[in-house]
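Inspection log for the structure reproduced underneath, given as structure tokens.
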Amino acid sequence: MRLIGMLDAWNEQRASPRAEELGFDERFGLMVDAEDLYRETRRLKRVLNEAKLKQSNACIEGIDYPPKRRLDKAVVRQLGTCRWVKEARNISVSGATGTGKTYVACALAHQACRKGYRALYRRMPTLFRELRLARADGTHPRLMARYARMTVLVIDFGIAPLTDQDRQDLLELLDDRYDAGSVIISGQLPPEKWHEYIDDPTLADAICDRVLHRVHKLKLSGPSRRKDPPAKN
């Protein structure tokens with residue numbers, strides 16, 4: 001049955017003289033708790049490894065809130081419940097370079113993993129490169145299915161111009177996720193400038209509609225945090 005957590009707890013009890021002071025029910029309860037913890041730890045390690053978060057150590061407890069950052073702690077605490085994931089809502093994290101956008105995005109994705117969801121992080125150039133290669137070798141449907149299985153998809157927006165194929169790929173990706181999964185988009189451009197960046201009125205309307213129809217907007221301010229890295233992010 002592979003009850004490794006229970007076995008470890010049993011061996012610990014056998015090695016501890018104080019365990020004899022506990023009744024059978026108490027000792028068995030501790031063993032069950034140990035097995036639950038063991039399985040949850042393994043699950044979280046597996047989904048975080050799958051997520052490939054750029055900031056692998058990011059967590060919502062590590063986010064700080066200096067006044068210049070203009071990040072509302074109550075809003076982050078509410079997002080930490082992951083109700084937005086359950087409701088298939090999206091998040092945009094924007095701000096100048098160095099304000100910690102990627103950290104916040106990864107922290108929210110990490111929290112979703114802790115709550116039992118699957119997540120995946122991709123920089124936009126990497127995302128489009130994977131799709132181009134998949135289209136070339138015939139694995140495009142399989143790759144799109146993999147993206148669709150992720151409850152939370154984190155896309156780190158770039159500022160390089162998009163090609164016609166990039167726009168089409170982005171629309172298809174977001175269309176597959178509409179009402180079925182959540183997207184976190186981080187980048188320097190705020191949502192108000194996405195339309196201009198996409199640079200195709202028809203596709204921009206379609207792309208923005210699928211994200212901004214139900215989005216929580218986080219806009220970070222303040223100086224670059226890379227100049228004097230704080231204890232938190």
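Within the range 135-145, identify whether any single residue is in contact (Cβ under 8 Å) with a residue 24 or more places away in the chain and either crowded, with 22+ Cβ neighbours inside 10 Å or more than 14 Å from residue 173 (Cα to Cα) (or both), and answer yes or no.
No.
Among the residues of the range 189-210, is any in a strand (DSSP E or B), at negative phi, at pLDDT 95 or above and touching a helix residue (DSSP H, G or I) at 6+ places or on another chain (Cβ under 9 Å)?
Checking the range 189-210: not a single residue is in a strand (DSSP E or B), at negative phi, at pLDDT 95 or above and touching a helix residue (DSSP H, G or I) at 6+ places or on another chain (Cβ under 9 Å).
Per-residue answers, yes or no, for (1) surrounded by 13 or more Cβ atoms within 10 Å (Cβ to Cβ); (2) of a type in the set (Val, Ile, Thr); (3) out of contact with any Cys (no Cβ under 8 Å at 6 or more places or on another chain); (4) closer than 24 Å to residue 110 by Cβ:
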| position | (1), (2), (3), (4) |
| --- | --- |
| 132 | yes, no, yes, no |
| 181 | yes, no, yes, yes |
| 193 | no, no, yes, no |
| 198 | yes, yes, no, no |
| 225 | yes, no, yes, yes |
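For residue 122, state whether it is among the basic types (Lys, Arg), at pLDDT 95 or above and over 18 Å from residue 211 (Cα atoms). Lay out the reasoning, then the answer.
On the way: among the basic types (Lys, Arg): yes; at pLDDT 95 or above: yes; over 18 Å from residue 211 (Cα atoms): no.
Criteria not met by residue 122.
Return the pairs, sorted by first residue and then second, in which the second residue is among the aromatic types (Phe, Trp, Tyr) and not in a helix (DSSP H, G or I), the first residue lies in the range 111-130 and is buried (at least 17 other Cβ atoms within 10 Å of the Cβ), the beta carbons are less than 6 Å apart, and the residues are 6+ apart or on different chains.
Hits for this filter: 124/157.
Do the conditions hold for residue 114, that is, is it assigned by TED's automatic domain parsing to the domain that holds residue 210, of a type outside the set (Ser, Thr, Tyr), within 18 Å of the chain's Cα centre (by Cα) and farther than 25 Å from residue 225 by Cα? Steps first, please.
Numbers: assigned by TED's automatic domain parsing to the domain that holds residue 210: yes; of a type outside the set (Ser, Thr, Tyr): yes; within 18 Å of the chain's Cα centre (by Cα): yes; farther than 25 Å from residue 225 by Cα: yes.
Yes, satisfied.
When you look at residue 77, is it part of a helix (DSSP H, G or I), of a type in the set (D, E, K, R) and modelled with pLDDT under 95, yes or no? Please lay out each step first, then the result.
Numbers: part of a helix (DSSP H, G or I): yes; of a type in the set (D, E, K, R): yes; modelled with pLDDT under 95: no.
Against the criterion (part of a helix (DSSP H, G or I), of a type in the set (D, E, K, R) and modelled with pLDDT under 95), residue 77 does not qualify.
I need every pair where a residue in the range 158-180 that is in the same structural domain as residue 198 (by TED's automatic domain parsing) has its Cβ under 7 Å from the Cβ of a residue that is aromatic (Phe, Trp, Tyr) and part of a helix (DSSP H, G or I), sequence separation at least 6 or different chains.
These pairs meet every condition: 166/128; 169/128; 173/147.
The values are calculated or read from the model by the stated rules, or taken from the named source; none is laboratory data. What you see is a predicted model, and the numbers here were worked out from it, not measured in a lab. No Cβ is skipped: glycine too gets one built from the backbone with ideal geometry, and neighbour counts run over all protein chains shown.
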